[in-house]
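Below is one structure; the comments refer to it alone.
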Amino acid sequence: MVAGICAGAVVAALLASGGTGAGTPDGYSMRTDARFAPVGAFVPSAAVTYDTKLVPAAAWIEVGQRTTASGATTVRLRVEGMVPGHAYAVHVHQKPCGADPAAAGGHFQHKPSTDPADVTADNEVWLDFTADEHGAGGASARHDWNFRQGEASSVVIHDMPGSRVRAACFTVPFGWAP
């Protein structure tokens, strides 16, 4: 029984860390995925759900990034196991996830600002989606700019577009082109 628990923990840890990232002279690319787990779960995950009614435990998330040498960046999101028909807002945030939903900090902004007029899809990475009848969804965003080193570390799933409620968070190894 102990061996089965240990084997399960190893598999869960591998699933939670599924990231690969590579910086090359041509830019940077990575893809990572995980299963959501509640805060304090026996097997922790890089994907944390704060509200299991909106983002059920074991729902799946994948985030990919491709940044060209010129700095153009595309971020892609795919999810499964979400609430069918629910509209979610998803943004890249500054810091890694934590037990406290606020740990991820604010939205990453290309041009940092405190002016509410700068909270736009052009200045931030917005990946809003509506889950289909099976609970799957996806989105992508492309910008002509690059992430700054160490300033983009997670994606936060908000209850719905325009909401500040943080339903879940996924720590992501975003990178940048030199």
Cβ pairs under 9 Å, 6+ apart or interchain, first in region 111-130 and without any contact (Cβ under 8 Å) to a residue 24 or more places away in the chain and of a type in the set (Ser, Thr, Tyr), second assigned to a loop (DSSP other than H, G, I, E, B) and open to solvent by 50 Å² or more (accessible area, probe 1.4 Å), ordered by first then second residue, are Ser113/Val119
Are there any pairs with C-beta distances below 8 angstrom linking a residue in region 28-46 that is small (Gly, Ala, Ser) to a residue that is part of a strand (DSSP E or B) and open to solvent by 70 Å² or more (accessible area, probe 1.4 Å), with the two at least 6 apart or on different chains, and if so which? Ser29/Arg66; Ser45/Arg35
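Mind checking whether some residue in region 99-110 is under 11 Å from the mean Cα position of the chain (by Cα) and among the hydrophobic types (A, V, I, L, M, F, W, C)?
Residues of region 99-110 that are under 11 Å from the mean Cα position of the chain (by Cα), as a first pass: 104.
Applying the additional criterion that residues be among the hydrophobic types (A, V, I, L, M, F, W, C) yields 104.
Yes, region 99-110 contains at least one residue that is under 11 Å from the mean Cα position of the chain (by Cα) and among the hydrophobic types (A, V, I, L, M, F, W, C).
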Matching residues in region 67-76 - criterion: being open to solvent by less than 80 Å² (accessible area, probe 1.4 Å) and either closer than 20 Å to Asp159 by Cβ or over 13 Å from the mean Cα position of the chain (by Cα) (or both): Thr67, Thr68, Ala69, Gly71, Ala72, Thr73, Thr74
Given the conditions (1) modelled with pLDDT of 95 or more; (2) in contact with a strand residue (DSSP E or B) (Cβ under 6 Å, 6 or more places away or on another chain), report the number of the one that Val83 does not fulfil. (2)
Working only within region 23-42, note down all residues that are part of a strand (DSSP E or B) and modelled with pLDDT of 60 or more. Thr24, Gly27, Tyr28, Ser29, Met30, Arg31, Thr32, Asp33, Ala34, Arg35, Ala37, Pro38
For Tyr88, the lone unmet condition from (1) modelled with pLDDT of 95 or more; (2) open to solvent by 50 Å² or more (accessible area, probe 1.4 Å) is (2)
Give the residues of region 128-178 that are aromatic (Phe, Trp, Tyr), open to solvent by 10 Å² or more (accessible area, probe 1.4 Å) and under 29 Å from Gly85 (Cβ atoms), sorted by residue number. Phe129
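For (1) under 16 Å from Val155 (Cα atoms); (2) open to solvent by less than 10 Å² (accessible area, probe 1.4 Å), each residue gets a yes or a no:
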residue: Ser45; (1), (2): yes, no
residue: Thr52; (1), (2): no, no
residue: Gln65; (1), (2): yes, yes
residue: Arg78; (1), (2): yes, no
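The values are calculated or read from the model by the stated rules, or taken from the named source; none is laboratory data. Since this is a predicted model, take the numbers as computed values, not measurements. Note that we place each Cβ from the backbone using ideal geometry, even for glycine, and neighbour counts take in every protein chain shown. When the accessible area is computed, the model is the full protein with side chains, heavy atoms only, and any ligands, DNA or RNA have been set aside. Shrake-Rupley method; radii C 1.70, N 1.55, O 1.52, S 1.80 Å.
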